[in-house]
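The values are calculated or read from the model by the stated rules, or taken from the named source; none is laboratory data. Note that the coordinates shown come from a computational prediction; the quantities given were computed from them, not determined experimentally. Neighbour counts are summed over all protein chains in view; Cβ atoms, including those assigned to glycine, are modelled from backbone coordinates with ideal geometry. Ligands, DNA and RNA are stripped out before the accessible areas are found, and what is left, the full protein with its side chains, is counted by its heavy atoms. Shrake-Rupley method; radii C 1.70, N 1.55, O 1.52, S 1.80 Å.
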Amino acid sequence: MDLRVIGCHGGETPKHRTSAFIVDDRLAIDAGSLTSGMELKAQCALEAVLVSHAHLDHVRDLATIADNRNQNKAEPLVVAGTRGTIAILKKHFFNGLVWPDFSKIPNARHAAIKYLEIGLEKPTRIAGYEVVAVSVDHTIETCGFTVRGRDGVLGYSGDTGPTDRLWEVLRETEGLKALLMEVSFPNDEARLARLSGHHTPETLLEDMKKLGAAMARDLPTLLYHIKPSFQAKVERECARLRGVNLSVCSLGDQFIL
Ligand SMILES: [Zn+2]
Ligand SMILES: [Zn+2]
């Protein structure tokens with residue numbers, strides 16, 4: 001499994017891009033920078049996007065990738081998410097007002113995007129992978145994912161603060177190779193993190209104990225969603241954590257899992 005980091009930050013500057021990851025050039029996880037961070041050819045090669053939740057920093061480039069793919073007559077892009085997330089995209093995003101309804105353009109039978117509702121914890125075949133959505137704790141309906149390919153499983157947390165079920169599912173997942181895990185704010189912004197449904201390094205360490213000591217120590221955990229304003233501070237605080245196997249994602253990183 002080839003994992004590429006297109007965007008891995010909780011905000012945007014010319015040096016920071018919002019969340020988007022690509023598996024084997026064909027499956028995207030979140031859409032925060034699918035067009036700002038990828039060439040047209042790579043945009044058109046994607047088969048599906050897993051959307052963790054409807055916050056703008058995770059869905060924004062669905063707008064521009066739908067437009068680009070439509071111009072290039074690409075196959076319909078599968079936009080997969082839970083029922084609540086898909087409902088928000090239909091009502092508030094591709095609603096014919098803030099952006100055209102690309103699920104009907106150029107025509108309803110063969111459109112630029114195609115919605116796929118996935119049930120929580122119901123394994124679903126998407127772009128050749130077995131995807132499982134797991135509910136996490138954020139300010140709106142949000143899920144993490146496990147993505148099973150031929151070589152193993154990638155975990156993805158979505159935006160979340162302290163949560164339970166995701167860790168249980170990860171603990172029970174055979175062949176788990178790595179976890180893309182959110183951390184957003186430094187420890188002294190714990191109140192803001194709590195109110196906005198995100199982690200600090202301290203709450204992350206506490207939450208990862210739910211994996212059990214051995215798994216927490218061994219599982220390659222790739223951190224994303226750090227707020228640009230706090231990048232250096234959060235990295236320093238994460239570097240001090242013990243009993244976990246953390247690395248901070250950078251734009252352009254590639255991991256072979
Ligand atoms: Zn969010
Ligand atoms: Zn976010």
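Observations, loosely collected:
- Average accessible surface area per residue within the chain, 1.4 Å rolling probe, Å²: 44
- Once backbone amide H atoms are built at 1.01 Å from N, VAL79 has VAL49, LYS114, TYR115, LEU116 as its partners under 5 Å, excluding neighbours fewer than 5 places away on the same chain.
- Taking the chain as the region of interest, the number of lysine pairs whose Cα atoms are within less than 20 Å, with members eight or more places apart or on different chains, is 14.
- Nitroxide proxy distance, nm - points 7 Å out along Cα→Cβ at GLU202 and GLU172: 3.3
- Cα centre as origin, Lys/Arg/Asp/Glu Cβ charges: the chain dipole, Debye: 360
- Cysteine residues of the chain whose Cβ has no partner cysteine Cβ closer than 4.7 Å: CYS44, CYS143, CYS238.
- Reducing the range 1-71 and the range 218-248 to their Cα centroids gives an inter-centroid distance of 22 Å.
- Compared with the direct C-alpha span, the chain from ALA213 to GLU130 gains 27.1 nm at full extension, assuming 0.36 nm per residue.
- Three principal axis extents describe the C-alpha atoms of the range 110-235; from largest down they are 47, 38, 23 Å.
- Two-site label geometry, ALA190 and ARG150: point separation in nm, points 7 Å out along Cα→Cβ: 4.7
- Residue range of the chain that is longest and free of GluC sites (Glu not before Pro) which are both DSSP loop and sparsely packed (at most 15 other C-beta within 10 Å): 175-257
- Ordering HIS199, GLN254, VAL79 by Cα displacement along the dipole of the chain toward the positive end leaves VAL79 in first place; charges were set at the Cβ atoms of Lys, Arg (+1) and Asp, Glu (-1).
- Virtual spin-label span in nm between THR13 and LEU97, 7 Å along Cα→Cβ: 3.5
- In sequence order, the range 128-143 has phi-based couplings of x, 10, 9, 9, 10, 8, 10, 5, 10, 10, 9, 8, 10, 3, 9, 10 Hz under the Karplus curve 6.51 cos²θ - 1.76 cosθ + 1.60, θ = phi - 60°, and Gly or Pro positions carry x.
- Restricting attention to the chain, close to 50% of DSSP beta bridges with both partner residues there are antiparallel.
- Our helix-only sum for the chain, with -39,500 (n - 2.57) per DSSP H run of n ≥ 4 divided by its residues, gives a mean residue ellipticity at 222 nm of -7000 deg cm²/dmol.
- Length-normalised contact order for the chain - Cα pairs under 8 Å, 6+ apart - percent: 18
- Of LEU179, LEU222, LEU56, the one that fluctuates the most in a GNM where the chain has Cα springs shorter than 10 Å: LEU56
- Carbon and sulfur %, accessible surface of the chain computed with the full protein complex present, 1.4 Å: 50
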